[in-house]
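Working notes for the structure below.
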Amino acid sequence: MAISPVAFCVCRDYAALQKIVSERCGDGGMGHVITIAQQKGGAGKTTLAVNLAVGFAKAGRSVALVDTDPQGSAGRWFMTRIEGDGGDPGGIDFSTASAWGVTYECRKLAERFDIVIIDTPPKADSDLRPALRAANLVLVPVATSHLDLWAVEVVMYLASREDVPAMIVMTRGRPGTRLAADIAEKVAEMGCDVAAAQMANRVVYAETLGRGRAVLEATKTPAHGEVQALVTEIGAKLDSL
Ligand SMILES: Nc1ncnc2c1ncn2[C@@H]1O[C@H](COP(=O)(O)OP(=O)(O)O)[C@@H](O)[C@H]1O
Ligand SMILES: [Mg+2]
């Protein structure tokens, strides 16, 4: 539902604007919103976002992907996708939103789609707040590195301030290495919710992304099982909220 220009002008205060949007749109029959956030760049946010988008679409859910990162990686992925396939997005809707415009965009999309996935820039400041607040679930990818781990706490804190559940998703895992064991131990110590399903470090994730595709659309590899397990786990988590 559109906000009138008058309401928009009168409502300089962000919280009040959000209240208007919320009251007008209501919550009945809304889809689930997943925000993917991690302060650290290169952690795998966009990779997780597009693979979940395709995974949920393949699982029969209607999906909208929203890119709030000015860098536009998810948008580039989507454009590559439709250019390569005669304009067919493969069951995924795409839009962009500014940091604070995401609130209204999401509300609109959640009325039409089962799953709305928001990809965000590598930030954890007040600009991230609307994307966290709009979410039913925040996913925080942690690549197997201490730098990623150190960046987790601030996103977890911001999500908790918005009273939104957050879950760590381990990515770029290198099973069997000392580093992987060390990171897993430290994550466990943090006491955060961690997805049982993980994405290992596999070239197929990077390779498919560059073609506007996802691993579930490529020749079957062990990555298929990883993404399918994530989709099942996250879908169940959303349904339980
Ligand atoms: N599981 C993975 N295995 C291998 N490469 C990955 C994996 N996840 C991400 N990458 C690669 O790491 C780089 C950063 O990932 P990206 O999703 O763009 O991170 P972010 O959105 O957090 O900046 C990209 O080149 C991507 O292809
Ligand atoms: Mg990205």
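Nothing in this text is a laboratory measurement; each read-out follows from the coordinates by a stated rule. Everything quoted here is computed from the prediction, not taken from an experiment. When we count neighbours, we look across all protein chains shown, and the Cβ atoms used for this are built from the backbone with ideal geometry, even at glycine.
Computed values, structure above
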read-out: Separation in nanometres of the label points that stand 7 Å from Cα toward Cβ, at THR80 and ALA188; value: 3.7 nm
read-out: Rounded tilt (10° steps) of 45-58 against the dominant C-alpha axis of the chain; value: 80 degrees
read-out: Proxy reagent accessibility, fewest Cβ within 10 Å first, across CYS192, CYS106; value: CYS192, CYS106
read-out: Using a Förster distance of 41 Å, the FRET efficiency for GLU153-ALA59 (Cβ separation, nearest 0.05); value: 0.80
read-out: Extension gain (nm, one decimal) between HIS224 and THR177, 0.36 nm per residue minus Cα-Cα; value: 14.7 nm
read-out: Nearest 10 degrees, 0 to 90: helix 102-112 Cα axis against the chain principal axis; value: 90 degrees
read-out: Which of TRP150, TRP100 has the fewest Cβ neighbours within 10 Å, and the rest in rising order; value: TRP150, TRP100
read-out: Kirkwood Rh in Å, taken over all unlike Cα pairs in the chain; value: 18.1 Å
read-out: Among the listed pairs LYS40/LYS186; LYS58/LYS237; LYS58/LYS220; LYS45/LYS186; LYS40/LYS108, those beyond 23 Å (Cα-Cα); value: LYS40/LYS108
read-out: Inter-label distance, nm, simple model (7 Å from Cα along the C-beta direction), HIS146/GLU217; value: 3.9 nm
read-out: Order of ASP127, ASP119, ASP148, ASP88 - criterion: other Cβ atoms within 10 Å of each residue's Cβ, fewest first; value: ASP88, ASP127, ASP148, ASP119
read-out: Relative contact order for the chain, counting Cα pairs under 8 Å that sit 6 or more residues apart, in percent; value: 24 percent
read-out: Amide H within-cut-off set for VAL194, under 5 Å, with H built and near neighbours excluded; value: ILE168
read-out: Nearest 10 degrees, 0 to 90: helix 152-161 Cα axis against the chain principal axis; value: 30 degrees
